[in-house]
Amino acid sequence: MDRDDSQGQERARLEHCPECGSVEMRNNLYFCRGQRIRVYVQCIRCGEFVTRYTLRGYTSNKSYESLLRGLRDTRLTSGKRMLRIVEGFGKSVAEEYRHVLELVKTKQDDRRIEEIIEGDYPDSLE
């Protein structure tokens, strides 16, 4: 995936437990009708609460199924167009996943996640 990060727009970081520093996490999902899904992250090593975030979208390892659910109410006039969208979506998810893993490995942002969000992505705050 060819990305130009000359402006320093991209960030990647592993979540770390503020108590023990572990990167081993468990996502606990909370579903309540009428509200966005909340994810409560728990440290596997020490059991402490790490963070909470809300989902705006969800893509599983079955990316085409996730896309189809999202397109359920969308009208498309062409089967070929739908096939291109599905194939492109799965490919882009896989490419971005590999790209993020590479960023974490080679250029991980060492600031705390709160600092990254507050400083660079304030629209992401709840």
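When both residues are 6+ apart or on different chains and their Cβ atoms are under 8 Å apart, which pairs have a first residue that lies in the stretch 91-111 and is farther than 16 Å from Glu15 by Cα, and a second that is among the aliphatic types (A, V, I, L, M) and open to solvent by 80 Å² or more (accessible area, probe 1.4 Å)?
Sorted first by the residue in the stretch 91-111, then by its partner, the pairs are Glu95/Met1; Glu96/Met1; Arg98/Met1; His99/Met1.
Please go through the stretch 9-42 and pick out each residue that is open to solvent by 60 Å² or more (accessible area, probe 1.4 Å) and of a type in the set (Val, Ile, Thr).
Matches in the stretch 9-42: Val23 only.
Would you call Gly47 assigned to a loop (DSSP other than H, G, I, E, B) and modelled with pLDDT of 90 or more?
Judged against the criteria, Gly47 is a match.
The values are calculated or read from the model by the stated rules, or taken from the named source; none is laboratory data. In this text the structure is predicted, and so the values were computed from the model without any measurement. For neighbour counting, all protein chains shown are included, and Cβ atoms are generated from backbone atoms with ideal geometry for every residue, glycine included. SASA here: full protein model, heavy atoms, side chains in, ligands and nucleic acids out. Shrake-Rupley method; radii C 1.70, N 1.55, O 1.52, S 1.80 Å.
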